[in-house]
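Once you've had a glance at the structure underneath, I'll fire off some questions.
Values quoted throughout were computed directly from the atomic coordinates according to the rules given, and no laboratory measurement underlies them. Quick caveat, the model's predicted, so the values are computed rather than measured. Cβ placement follows ideal geometry from the backbone for every residue including glycine, while neighbour counts extend to all protein chains displayed.
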Amino acid sequence: MKKLKILTNGLLKENPVFVLVLGTCPTLAMSVSVINAIAMGLAATAVLICSNVAISLLRKVIPDTVRIPCYIVVIAGFVTLVQMLMEAYLPDLYEMLGVYLALIVVNCIILGRAEMFANKHTVGESALDGLGMGAGFTLALIAMATVREVIGNGSFAGMEIGFLQNYKIPILTAPPGGFLVFGCLIALVAHITKGKAPQRKSFDCESCPSASFCRKDCAACEKTAETEAK
């Protein structure tokens with residue numbers, strides 16, 4: 001049951017796009033068409049699963065003070081691999097995704113799951129989390145792309161829908177339309193889940209990787225802050 005919960009959390013309850021509001025940039029950019037959305041979703045899912053597994057395997061080896069740079073290096077390696085495979089076997093999709101494929105390296109969803117989940121759980125659980133979050137990201141992209149392409153362009157996955165050609169709303173394929181659809185879908189998901197988004201954990205010095213470096217200056221910092229306040 002625990003593994004099933006990990007797998008399904010990302011679909012709705014902790015959807016990375018509509019609940020956690022992560023990965024907004026690629027979501028808005030790649031949701032103009034369904035084909036773009038599917039390609040970006042699958043690429044991000046592959047990187048999510050592989051990076052989660054790798055980071056879970058290395059979690060006891062990576063020093064806390066440099067864990068974020070290490071995560072980025074691991075993620076960048078898998079993104080490069082995905083880029084090379086797409087360029088070799090799916091050149092049209094590679095060209096279609098453009099710079100957003102490389103920007104998966106700094107996608108908040110992938111880095112966030114590495115820090116908040118893979119760093120603390122087993123390989124199997126991390127793989128399931130990557131799959132669930134990737135599926136949630138992909139479904140969110142497809143949902144947005146379907147609304148924007150069907151209503152904004154009168155087509156679905158590049159195929160024209162005849163009776164909609166005279167009723168298109170082109171602004172939905174533009175950035176303002178993307179934000180409008182994004183906001184509406186966030187509101188819909190919040191209504192379905194009754195606004196019960198996961199509670200954020202508090203962050204303090206104990207959880208900061210740089211705590212050991214800055215603590216010796218804390219007293220000086222507090223004194224400076226008091227002086228500035230006066």
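In whole Hz, what ³J(HN,Hα) sequence does region 171-187 give by Karplus (6.51, -1.76, 1.60; θ = phi - 60°), x for Gly and Pro?
4, 5, 8, 9, x, x, x, x, 5, 5, 5, 4, x, 5, 6, 4, 5
May I ask you to order 125-136, 56-67, 103-114 by the average number of other C-beta atoms within 10 Å around their residues, highest value first?
125-136, 103-114, 56-67
Once the Cβ-Cβ distance between K13 and V106 is put in as r, and R0 is 22 Å, what FRET efficiency do you end up with, to the nearest 0.05?
That pair, K13 with V106, gives E of 0.30.
Same structure again: Quick query: amide H of S155 versus all other amide H atoms, modeled in the peptide plane; which residues come in under 5 Å with a sequence gap of 5 or more or a different chain?
For S155, whose amide H was placed from the backbone, the distant partners under 5 Å are V150, I161.
So how far apart, in nm, are the two label points at E160 and L81 if each is 7 Å from Cα heading toward Cβ?
Here the modelled spin labels are 4.3 nm apart.
Starting from the Cα coordinates of region 118-169, work out the convex hull volume and express it per residue in Å³.
Convex hull of Cα atoms, per residue: 72 Å³.
Take peptides 2-8, 142-148 and line them up by average Cβ neighbours within 10 Å, highest first, as a rough protection proxy.
142-148, 2-8
Any chance you could run the full-extension gain for L188 through K2? It's 0.36 nm times the residue separation minus the Cα-Cα distance, nm to one decimal.
Stretched fully, the L188-K2 segment lengthens by 64.3 nm.
How far is the Cα center of region 45-60 from the Cα center of region 75-103, in Å?
So the two Cα centres are separated by 19 Å.
Per-residue HN-Hα couplings for region 110-126, Karplus 6.51 cos²θ - 1.76 cosθ + 1.60 at θ = phi - 60°, whole Hz, x for Gly and Pro?
Coupling constants for region 110-126: 5, 5, x, 5, 4, 6, 8, 10, 4, 5, 10, 10, 6, 4, x, 5, 5 Hz.
Give me the number: length gained by fully extending Y167 to F179, i.e. 0.36 nm times residue separation minus the C-alpha to C-alpha distance, one decimal in nm.
Between Y167 and F179, full extension yields an extra 2.3 nm.
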